[in-house]
Structures are given as C-alpha cells and as structure tokens.
Amino acid sequence: MESESKSTKTYFRGGGEMGDLIRQLAWEKTPLGPVAEWPQSLRTAVNIMLSSKIPMMIHWGPELIHFYNDGYATIMQTKHPGALGEPAYPWWSEMWDFLTPIFDQVKAGETTYFKDQLVLPNRSGFIEEAYFTFSHSPIYNEEGDVAGIYATAIETTSDVVSRRRLAMLSHLSSYSTQMREPAAACQAVSDSLATNPEDVPFALVYLLDETGEKATLAGITGITAGKKESPEVVDLQEDDAACPWPLAQATKAGAPVLVTDLQERLGTLTAGAWPEPLKQAMVLPITKVGQNATSLPYAILVAGISPRRQVDEAYSSFYTLVANHIGRTIANAKAYEEERRRTEALAALDKAKTDFFQNISHEFRTPLTLMLGPLGDLIESGLPQEAQEQLVMVERNGKRLLKLVNNLLSYAQAEAGRLKAQFQPVEIAQVTRDLSSYFRSAIESAGLVFHVNLTPVTAPVYLDADMWEGIIFNLLSNALKFTFKGQISLTLQQQNEQVILTVADTGVGVPAEEVPRLFSRFHRIAGTHGRSHEGSGIGLALVQELVKLHGGTVRVASALGEGTTFTVTIPTGKSHLPAALLAPSTAAAADSQPQPQAPGNYGSSFGAGAGLTYQYSAASDTANVRYAPEAEDAPEHPLILVVDDNEDMLHYLKRVLGQDYRVQTAANGAAAWKLILQSHPALVISDVMMPEVDGFELLEQIRSDERTRLQPVMLLSARAGEEARAEGMEHGADDYLVKPFKTRELKARVKANLELAQLRSKLTAVVTSMAEGFAVLDHHLRFTFTNARVLRLLGKEGAHVNGQLLENVVPTSVFKALKARIALSQKDELTRTFEFLEKGRNRWLEVRIHPLAEGTAFLLTDITFRKKAKSSLEHTLEETASRNTALMKVNETLDNFVNIAAHDLKSPINNLKSLLELHQRESDPAMQRASISRIETSVKKLDLTVTGLLSIVQFQAKGDRGTHEIKFEELFRELQEEFAEELQAQNGQLAADFYEAESIVYIEAYLVSIIRNVVQNALKYKSPTRPPIIHLHTERDHDTVLLRVSDNGIGIDLERYGHHLFKPFKRFTKAAEGNGLGLYLVKNMVERNGGSLEVESRLAQGTTLKIYLKEYARTAVQPTSAPEDLAL
C-alpha cells in the first residue's frame, strides 16, 4: 500500500484538492487496479485534467469510471467526493437517458458540443433545473482505440435564468403605461407572469380596498380562481380561515413573507412548467415606488416557487423586481382612473355651471324688466335735458344687458336640451327680409353697403320664428361689428330640398387656425379689430345650437383681411322634425307669424335704442380730448387719460372725473399710446377688453418702454374675482377696479394712485410640483426657480439653491459638462440629455436641458435603477461570451493535443517494441549493443515528445504571472552564458543592441522562454557551410516593443512551409533535432497579451523573426519563484 501511494504521487502531481484525493484513493480496490498498471494514456489524461483550470471530468473504460478536477467538483455538489473512482451509473441515473446517446456518439470517435443545454441533475436532494455549455471528446489508448471520454463543462444556469426573467420583466413593463384601471392592470400583470411558468408556477394578485380591510382577487395565472388556494375575497381584519395565505401579515409588515409549508396548507399542488408538487410560495406587498413600508400597499402578490430551484438571493430579488413593476403598473392605472374621475367631475361641474347660467339668467330678467319699464316712463315724462340724456344711456345699457341675458339663457337651455321649439310653416323669404331691415340703418350709417338678395322659396319651410330671428340677428350683428369698409350681403335661396342662407362680409376676417373654434362658447379671438370689444362670446355658439334644432348645419369660410362668410342650411318640409314640436294647426301658425315691430327674445335688444344704432363719434375711431367746462381754465389740475371702447362709459367717466381733473379720452389702446407719448398724463385709466390693442397689451407697451415704464396705470374691467385682479397686477398695473363701481370709490382710487407716483409690483409665479426635478437658470447660469423634487435630488434647501450659480451647487466635473451642453442647446435650440454619477451617493442622474428665451430649464431624473439593470445585463452577456470563447479554445486545444499525442507517441512506442523484440532474438553481443543504442535513441525521442506535450499543457494552465520592468541587457547576459559552450563549439556569435528599447514591463518567465526558444531555433537551423551568427535588436513604439532576431542560417521556404511555421510538432528538415514545439509556444506567449509575430526568410541566406511584444500593465504581484523553463 505504501509503495502504491508513493507510485501514485510519482505519477500525479498538483491538482489541488482533487489531486490529493486521487493520490490518496486505493485504486487497487477499484476496477482500474493499481496506478502502475494503468495505461500511459490514462495517466497522461488524468495529469492533463488535474492541470486544467476548466471544469473537466474523465469517464474511463467500459464502466465509465469517474475522474474530475477541482472545477468539476463544484458542479458535482453532493455527488462529490463519493463519485470519484466510481462508475457513471448509478451516480447519474436521473440523467442516464440523456447521457447514453452522448456517450455512444463519443465512443464512436465523435466530439459533441452543447450550448446552454437544459439538464436535470439530482445533486442537492431534488431534481434541479440547470443549464450547461459542455463538450465531450474521445480519449485514445495506445492501440488507437477510444478508451475514455473527456467532459468539459461550464454551468450557465444563472445566465439562462437571468435572460428568461429579464424577458418577462420587459413584457411586464410594456403594460405599465397602457392599463386604464387597477383591476385590468392586475390581470395584465398576471398575463405577463404567465409567460414564465418555469419561475412563476402560479400567481395571485389581490387588490386592497381603501381601508385595507378587504383583499379582492383581481389577477390570476397558473391555477383556477375560487379554489382553496385561490379565494376570491379575503378579510384582512380577522384571521380568515378560508385563506391559506398570510396576506394580513405581509400587509402589516410591509415586507415579503416566504411560505415553506405549502403541502401542509394545501396538500398536493402542481402548477407551472414542472411536474413536481410545489413546496414553497412568496407573499409580497405591492407598494408605490418609494412608499414607506408601513403604508398601506396597493395590492398583494402571491407567487409560487419553482420546485426545481432554490430560494436564493437572485430568486428573491427577482420577485422584488416583479413587485416593483406591478406597483408601477397599478400606480399608473390608478392615476389614469383618478384623471378619468376628475374629467367626469369637471363634466358634472360644467353641467352645473350651465344649469346655473340658465337659472341665474332667468332670474335676471325679472329685475331688468322692472328697471326698464319705469325708465321708459321717466324718459317720456318731460325731465330736464341733462337728466333725460343720462336716463337714455341707462336704458340703452339696460337693454344691452337684457340682450346678453337672453342669449345666455337661450344657449344654456339649448346646451342642456331644455330649449323647446315650436315649428310652423312660414314664408321664410318675407320673414328674413323683415328681420334684415332692422340692420339697414346701422350698416349704412357705418359707411357700408348692405345687399339683400332673397329668392322666393316654393317648398314649405318649418321654422321657430324666435329662433330664426336669433340666427339672423347674431350673424348680421357679428358682420357689422368686424366690418369697417366694403359691404355686407345677405342671400337666401332654395337648392333642391334645402334652403341656404348666406351672410358674407368684407371685414377683418379670421386666422385659419381660429376658424375651427368660432362656434365654441365664450371663445373670443385675441387681437381681432372690432367696432367694440363688447359681447359675451356665445353669439355664434347660440347660432349653431339654434340651427341644429332646425335639423340644419352652419359653416364658415374666412380669410384674414378679406372677410368672412357664414352659410346656414335648413331642410325644407317637416319630416326631419319631431312631431311633438310641430305647431297644432296652420291657422295658429299663420297667426303667430313674427312681426317686425316686436322682435322676439333672441334679438329684441337689437331694436332701436338698444345698441343697434351705433354712435360713430370721434371717440369711436380716434382720440378726442375733452375737458370739463369748470376745469378748462385750471391747467394745474392733473391730466387723466381714459381709454374705453364704450362711448357711454367714456361719457360717464369724463363727467365724473371732469369735476376735479382734466380728462382726455381714447377708444382703444393704439390711440391711447400716441396720446401718452404726446401728453404725458398723470394717470391712465384703461378698460381691459378693447379692439385693436387691449388694456393688457397697452400696459405691456407702457412698461417695456423706458420713457413710460413708471407711468401710473389703473385698469377697469368687468372681470371680477381675485384671479382677475391678480392677472391685472401681474401685467404691471398699479390698481385694478372691477365694474360696476361706485363714484366715490373711483375718485378715491384715482386720488390714491396720483399720490403714489411710482408703484410697481409683480406677483411671483406659483407653479405646481412635478414628478421630476425641475429648475430654471438664467443666462448667467444662476438658479431662478427650483421645485421640491430637484431640491431632494440635489440634497439642497431652496434658500441654498435659488439665486446661486450652477457651479456652486453641482460638482465641478458635472458643471463643466452641463455648461458645455447648455451652450450647445442655446445655440441650436435643441433639447440635450446628460447623465452623471453622484459618487458620494452612488446614484445616477439624468439631466434633460431645454433652451428658453430667458435662460435654460432642465429636468432631473433619478435613473439609478435603469443603469444598474442595464449594467447587470451587459456584464452577464459579456461574461457568458467570455466563458464560451474560453471553453471553445480549450476544446480545440484538447482535440489538437489528443490527436498530436496519439500520432507522435505511437511511432516511437511501436519502434521500441520492434527493437526490443529484435534485441531478444539477437545473440551476437555486438549486435545487441547496437540494438540497445537504437533503443536509447528512440527513448530520447519519446522523452522529448512527452516533454513537449507536457509543456503545452503547462503553458495552457498558467495564468498571467506578476509583471515588472525587465532590462533586456541583463537577460541577454544570462542567455550568453547559457549558450556560450554551444556557440564556442560552432565558432558562432550571439550579439545584441538594445539602445532603442532598453527594457519592457513583461512576465519574466515568458520573456526568457521567448528569447531562449528563438535563439535555440536559430542554432538548430544553422547553415552547414558557415558559423552561426545571431543578432538581437529592440525598438519601441508607445506600449509595443519590437524584438528583431536575425540569423544567417539555412532559411525557410515560406511559400511551402509558411502556414505551418507556428503549428506544434512541425520540423522543416530531418537533420534538425527537437520536437517542433518551440515557435508554437513562442506564438502563444506573445499573443497572450495582444502581441504578434512576422517572419522574413530567404533560402540559404537566413531568417529574421519580428516579435511585437505588447507591454503588460504593471501589477503589484511579482513572481515568487524562479521562472519555469518553457523552452523546447
């Protein structure tokens, strides 16, 4: 036994733990017998296996006896070390059906290769889902037969499983922004989980109610709803015996709960991709990202654990990611649902507002009637002229108010579907002619031509007379309001079964982008020039509603600066109208024909004295300076400029203020601006809503001009409320007075504003917080605004950021990058994106830069999770590719090695057998000595071949050693001593010059072997006719050193042998001794760090070998022992 142990140690060296176990095993008790009796091919194979860093196993003999190295021991897990020296069966019985065809194929001399192959080993007490990239290749014995199998393997389980899980998470993410309600989101999530039954055998998603007292099953996959394992409703307040899952525990803890007693809870439960019963499950609370663990979760996920996987950190992290994705999906669905509810609430609010307008407008009519009736009596009672003029103005504006109330009431009723029409046959041409006559005086007094072209309509036309009046009046008043020269035309004609009414003007026209919004309620086109800015903005919207009630349509065509045409189409007959809305009899309809003397509710306020007769005084189009008689001779009184497009308002303000001040008036902002530059008034009082230039535009012009920026301005407006007041102050007004106002208040405000000659205030804009960090920089890169999110991301407080320069807030490197991108963004007016790493917090932030006229805005987003996921995926893919490349290279080397070994060992062994047989038969001592000499020669060749083969394995097993700076001169002196005797015997010379590159950072063992091998090669192929001369020369090019080795030997026929030059066991002359491995090893050592070789040679003249040595990076590890000799 002791001799056997010593023999085993002699045969096998190294190999780490497995090397020790192989040396200690009593092989004489195994089917293989003592190691000394093993064939050399087996001992060589075991040595190769032990020296390999790649996981490797050997199956030897008919029983496929196990050998394996340290790398493979890790793969074996609980099968190690018992499988060592044992037959493959029954140790791999669970995989025998899979392995048998592979073994048969290799025994036939073929090599197999599988990439990411699913295998199902039982190496940890259960059938495990595992993936491997592996190869099997034959091992030949001395007779050239397959006696064993090499198996190399790299486990890729984590790579395959990670890719599968990432694919499922990607599928899950695709739903995160598509779902519109939480329940649908939960089922969509379940559908995504169903794409990975290997990792998620089943899943239940329970939605929690707002109180957290009840959980409802909203998503399920892998099992059926309503069973013991999948209750549809769970009471979380009490211990619900019907629920096998600890939902309440996970909800309260805010952390995952691992259920390990699944079989005790549910009995046998099978689901997913594998047939084994499930033993474990995970219960995870689904929370909003960033939510506190104690907060109520959105939902709870119950997910099965694969029976063929262990619950390790990767599995737990995977389910955590799944929970986060589900949380985002439900959060987005909840956000959408809340937005839908807000939309519904706004719609309800809009309806309530419409109802309010209808009710309040109706209530306005009673007091207005009681006001206008007595006013008419007073006007006719013979009052003094001045009092009568004021009452006429009151009556005119009262009727205007009544018109607005009537329109508002009608529109509210129409929109609410409460407007009741009564249709009757009418002579539409005659009715339209009578209604248009009300406008002729007003249109012609405005200097316009009014064309009316009404052709007789033969077909019966059913109309609601009051509604038709509203259509005609609104269209004509709109045309008059926006036409200043040219004409207005009204035409009516019958076309087939339709009546077409057209109202066209040559007015200011409408911009193309505003045409689609003309019929929107309360819509008014900003900047449009009109005769006044009065109106509610519902006239055209009311026309559209009234036309729809007649079953017709209204269209508009307009060109800016050319005019506008409205076309109303009404069907003839009554078949299109509801029967309940038709008048009871023709006679009654005839009696109710509209009379010109009594316009209805939709247009009565357009009658005489109601605003239809426009007053075209100088104030309407140009500025007019008017002074109160008592103030004409008092130049010391301040000058006040009053700006309003309403003639009555100008007259009223002039009368009230003229008692104390000089008063100047203008009808719009454009005229007012000229007067401001000319007269320098002490105060400007301006209406807001005016044609051409409104009050806000006038105010902006005043504040932007250096000459007038301190001009006191008071705005008058009918828009009440704090918002309207704030808007006026934001525009730079000194004061804001809401109509209607009392005379005493007006005078007090005017006096106060005159006393405060310089009063300017601006309101700080208030913006809502955003989900992303948002900040604004001025052109000096100084913060002018930051929201709460950006402050949290920057770790700053508002007082520490606002007003500071960017360079004082962010790190210098980030500032430089941001500054450059901001400059580019401002230059090309494009959004730029920039990412940077906060090293102190190990956090990635993304900056999106947006150019603004006043500076730069940027959005700041935390992208750490996205970056980590991407980096992890890239690392996994790179590592997998690297492993596959290494495995393929080792396989190729092993294949080459086996073929070389079989070929090069067989010849000398056969020769030895023949010589031994000859020696045994020979009796002549002289002939026996000659035979022994030849046997010694064959043994030397065999030894040389084995040494070369082991050198290849030795080189493949070595990693990169420690590096340091090596001086070529010192290395060369050692080699000179080594080759001195041989050179002296041949009268040879070995010379060098290293002046251009004196040293290199390299692995000393490699560099020594490279130079020794090429010098030996030069001596080996020396010329038979002249002494050998070998010269070494170095040159440097950055991190590469060229080592040029030249000789005057026999040269090489590169055309014939060039492609074999660096292959193993290649010799180019039978006269040269050696095994043909020297240049093969040199090439491998040079290329290991990215170097390369070139050969120049001429027959009978010599050879030059150019070796480009790529310098190693300097490391702290140095060789701890003398460099091993790899020279052959």
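FYI, it's all coordinate maths here, none of it is from the lab. Not measured: the values here are computed from a predicted model. For neighbour counting, all protein chains shown are included, and Cβ atoms are generated from backbone atoms with ideal geometry for every residue, glycine included.
Plainly put, region 2-155 has a radius of gyration that is 0.95 times its Kirkwood radius, both from alpha-carbon atoms, as the Rg/Rh ratio.
Peptides 307-320, 674-687 ranked from most to least packed give 674-687, 307-320, packing being the mean of other C-beta atoms within 10 angstrom over each peptide's residues. Taking a ≥ b ≥ c as the square roots of the eigenvalues of the Cα gyration tensor, region 161-342 is oblate, since a/c reaches 1.5 or more and a/b is not larger than b/c.
In this structure, the amide hydrogen of A559, modeled 1.01 Å from its nitrogen in the peptide plane, lies closer than 5 angstrom to those of V510, counting only residues at least 5 positions away or on a different chain.
Estimated at 0.36 nm per residue, the fully extended path between Q826 and E276 surpasses their Cα-Cα distance by 191.6 nm.
Once R0 is set to 25 Å, what does the formula 1/(1 + (r/R0)^6) return for the Cβ-Cβ distance between L383 and F741, expressed as a FRET efficiency to the nearest 0.05? Don't skip to the end; give the middle numbers.
Values: r = 25 Å, r/R0 = 1.02.
Using R0 = 25 Å, I get an efficiency of 0.50.
In whole percent, what relative contact order does region 2-155 give with Cα contacts below 8 Å and a gap of six or more residues?
Computed value for region 2-155: 21 percent relative contact order.
Dipole of region 773-862 computed with +1 at Lys/Arg Cβ and -1 at Asp/Glu Cβ about the Cα centre; of L806, F836, P851, farthest Cα towards the positive end is F836. Distances between placed amide hydrogens fall under 5 Å for T833 paired with I849, all partners being 5 or more residues away or on another chain. Calculated over region 773-862, the projected area of the Cα convex hull averaged across directions stands at 5.0 nm². Here the spin labels are modelled as points 7 Å beyond Cα on the Cα-Cβ line, and at Q237 and E970 they lie 8.5 nm apart. Amide H to amide H distances under 5 Å link R843 with E838, where only residues 5 or more positions off or on other chains count and H is placed in the peptide plane.
Scalar couplings 3J(HN,Hα) for region 822-829, obtained by applying the Karplus form with A = 6.51, B = -1.76, C = 1.60 to θ = phi - 60°, are 4, 4, 5, 4, 5, 5, 9, 6 Hz; x denotes Gly and Pro.
Placing +1 on the Cβ of every Lys and Arg and -1 on the Cβ of every Asp and Glu, with no other charges, gives region 958-1110 a dipole of roughly 800 debye about its Cα centre.
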